[in-house]
Amino acid sequence: MSAVTETQLPLPLVARGKVRDVYDSQLTQNEYAGALLFVATDRISAFDVILQNGIPDKGRILTGMSTFWFDKIAPGIIGTHVLATRWEDFPEELRTRLADVKDQVYGRAMLVRRARVIPIEAIVRGYITGSGWAEYKRSGTVHGIQLPEGLVESQEIPNGPLFTPSTKAEQGAHDENIHPDEVAKLLGPELAKRVCDAARALYAKAAEHARERGIILADTKFEFGLLPADGAGYSGELILVDEVLTPDSSRFWSADAYKPGQGQGSFDKQYIRDWMKGEGLDTAAKSGTPVTLPPDVVAKTGEKYREAYHRITGQPFA
């Protein structure tokens, strides 16, 4: 099975991200006017670098998980950018235009409303790990938020979860962790509160479901946008955009194997990061050296993504 690492559709390309190829749908009627087509490829990145080969079916898994979560957690909290996630639900005009490249789109595409994306990664942390743990060891803080002394790696954060935002960096650059108060300076206090409240509510709802499935949601990031897409300033309807609660944007741990005081096995690309560090390729990748994953690492990573999908949705990935 080969990986789809780049798509070529008969639509105007708007952007290529680390994973997604974004196209202008060229639809003009009704609620689809101005819609974008998000196509999740099988590309994978580590240390902010896109690797040379991808993980077969990864894009379809991400799309399926995002679809599940949009339906599960957004109702009652916030609107979303989703218009359609199944090929059969796309407007006939779009399906006709894409008929010859259906294999590049089927199961991995999402038709979405165009929005002005807010330049903040809305990260919510329930457990102290990753960059949060590294900062805590240095200064006793996470994103500048003072935490009690004596916490251990992977511990549930007392009085958490925490809203710990970061700025959105250009591709190839690092996001910058910031204190929540900085969001108010960037967006204004009213919108900052809306973003914080929505992110925390979404995390709580997702974490509850994950726990029921034997999974700990250690942390995750959300992205938000505003409607109308061409509005001025930071006003308008706040909606949830991008992907949600996938192994690319979240840390999922097995509740059965959870042990505070150490790093945890996870259902995400941490396996690839660890392999690259072990081979000394993390520094090389950052300096521009192309990195190709060996077949066994590709296969193991694919297994982790499939297991995450199965554990969260209750359905085997097909």
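The values are calculated or read from the model by the stated rules, or taken from the named source; none is laboratory data. Bear in mind that the values here come from a model prediction, so they are computed numbers and not experimental data. Cβ placement follows ideal geometry from the backbone for every residue including glycine, while neighbour counts extend to all protein chains displayed. SASA here: full protein model, heavy atoms, side chains in, ligands and nucleic acids out. Shrake-Rupley method; radii C 1.70, N 1.55, O 1.52, S 1.80 Å.
Tabulated data for the structure shown
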item: Calculated [θ] (222 nm, deg cm²/dmol) that DSSP helices of n ≥ 4 give over the chain, each run adding -39,500 (n - 2.57); result: -10000 deg cm²/dmol
item: Accessible area, probe 1.4 Å, largest first, for residues ARG86, ARG95; result: ARG86, ARG95
item: Within the range 230-274: backbone nitrogen closer than 12 Å to the LYS168 label point (7 Å, Cα to C-beta); result: 239-243
item: Whole-number percent relative contact order across the range 26-101, with pairs defined as alpha carbons under 8 Å at least 6 apart; result: 21 percent
item: Distant-in-sequence amide H partners of GLY79 (H built 1.01 Å from N, under 5 Å); result: LEU240
item: Per-residue HN-Hα couplings for the range 108-119 [Karplus 6.51, -1.76, 1.60; θ = phi - 60°; Hz; x = Gly/Pro]; result: 10, 10, 9, 8, 9, 6, 6, 9, 7, 6, 6, x
item: Sequence of TRP133, TRP253 from largest to smallest accessible area, 1.4 Å probe; result: TRP133, TRP253
item: Dipole moment magnitude, nearest 20 debye, the chain about Cα centre, only Lys, Arg, Asp, Glu C-beta charged; result: 260 debye
item: ³J(HN,Hα), Karplus 6.51/-1.76/1.60, whole Hz, each residue of the range 88-101, x for Gly, Pro; result: 5, 9, 5, x, 4, 4, 6, 4, 5, 5, 9, 4, 6, 10
item: With all protein chains modelled, accessible area of ASP274 [1.4 Å, Å²]; result: 80 Å²
item: Solvent-accessible surface (1.4 angstrom probe) belonging to GLU31, in square angstrom, nearest 10; result: 110 Å²
item: Kirkwood estimate for the range 194-294, i.e. one over the average of 1/r between Cα atoms, Å; result: 16.4 Å
item: Sequence of ARG251, ARG20, ARG213 when ordered by accessible area, the most exposed leading, probe 1.4 angstrom; result: ARG213, ARG251, ARG20
item: For the range 268-276, Karplus couplings with θ = phi - 60° (6.51, -1.76, 1.60), whole Hz, Gly/Pro x; result: 9, 7, 4, 4, 5, 4, 5, 5, 5
item: For VAL14, residues with placed amide H under 5 Å, excluding near neighbours; result: VAL22, TYR23, ASP24
item: MET1-ASP181 pseudo-label distance in nm [points 7 Å out on the Cα-to-Cβ vector]; result: 5.0 nm
item: Estimated FRET transfer efficiency when R0 is 35 angstrom, pair THR28-LYS72 (beta carbons, to 0.05); result: 0.65
item: Mean-position separation - Cα centroids, the range 8-80 and the range 213-251, in angstrom; result: 13 Å
item: Other-chain or far-sequence residues with amide H under 5 Å of GLY188's (modelled H); result: none
